[in-house]
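Here is the structure we will look at.
We did not get these values from a lab; they are worked out from the coordinates using the rules stated. Since we're looking at a predicted model, the values are computed, not measured. No Cβ is skipped: glycine too gets one built from the backbone with ideal geometry, and neighbour counts run over all protein chains shown.
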Amino acid sequence: MNQPIGVFDSGYGGLTILRELVQTLPQYDYVYLGDNARTPYGTRSFETVYLYTLECVRHLFDRGCRLVVLACNTASAKALRNIQQLDLPILAPGLDGPNRRVLGVIRPTTEVIGNYSKTGNVGILATRGTVTSESYVVEIEKFFPTLSVFQEACPMWVPLVENGEYDSPGADYFVKQHIDRLMGKSPAIDTILLACTHYPLLLNKIRQYAPANATILSQGGIVAASLADYLKRHPEIETQCSKHGQRSFLTTDSTEDFDRQATIFYGEAIRSEQLTL
Ligand code: DGL
């Protein structure tokens, strides 16, 4: 049976993560699920993000996935812990705990973020949902307790990206606005994390408005390195992941739109299948 690694996002953003996973770990099969019909998640309640995410994770399990990566910060912040603690033991019971796994993108990022900063001041750009969850602040404290963390919610950025406006002059206004606000919180910020998987599409504009010496971090490479390490440490899961180098793509909205847009995020042509949850 095909047992791909599931990669989930509210829309296209997770493709920026999938791209790096495929580059680092090309041997595995992957199935990507974008919940485009219900994006954005960043402005939705905890309960709604949890229910939507759980529904998608269940579907990926039904497709044979042993391992699902929530390639979405908002879902990682608002749904991951509940799914791991409450749902997995029921959905995927095993002798020594759940026999399927769900991982997020926040933990791997917070494990390394402090290594990039010289001033000890980092900025987090994210959706409102991720910012208000305080997940980054709480998790960074565990690994880098002396780091000062400044957050800025950028609610307009996901709609700009989802609507293909990331390169338009209109995007400049909102990119500049939030970078200025973030830097206004501490001019000593020298590391800026794009803590939303949609934001790498705005990288050129972010670079333009951020201080020239600031390090701008995208999560793709970090998550890929962390997954490679995870698979090494968990042979019981690794051996369950099929390895034919296959990729498939599911969307809860129109495949035509998905195929056109997703190609930009993923970097190569995509043929998706529509999914009704
Ligand atoms: N890509 C998602 C993230 O990383 C958020 C997109 C959304 O608001 O739906 O947070």
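Quick notes on this structure:
- Here the simple spin-label model places points 7 Å from the Cα toward Cβ, and for Lys185 and Asp259 these points are separated by 4.1 nm.
- Each Lys or Arg adds one and each Asp or Glu subtracts one; over the other residues with Cβ under 11 Å from the Cβ of Ile237, this totals +3.
- Value of [θ]222 nm, deg cm²/dmol, for the chain, DSSP H segments ≥ 4, -39500 (n - 2.57) each, nearest 500: -12000 deg cm²/dmol
- Length released on extending from Ile90 to Thr119, taking residue separation times 0.36 nm less the Cα-Cα span: 5.9 nm
- In the distance distribution for segment 154-273, Cα-Cα pairs more than 19 Å apart total 60 percent.
- In terms of its Cα atoms, segment 191-239 spans 46, 20, 12 Å along the principal axes, sorted from long to short.
- For segment 271-277, 3J(HN,Hα) per residue [Karplus equation, 6.51 cos²θ - 1.76 cosθ + 1.60, θ = phi - 60°, Hz, x = Gly/Pro]: 10, 9, 10, 7, 10, 10, 8
- Segment 187-214 versus segment 45-117: alpha-carbon centroid distance in Å: 26
- Value of Rg/Rh across the chain [Cα atoms, Kirkwood radius]: 0.95
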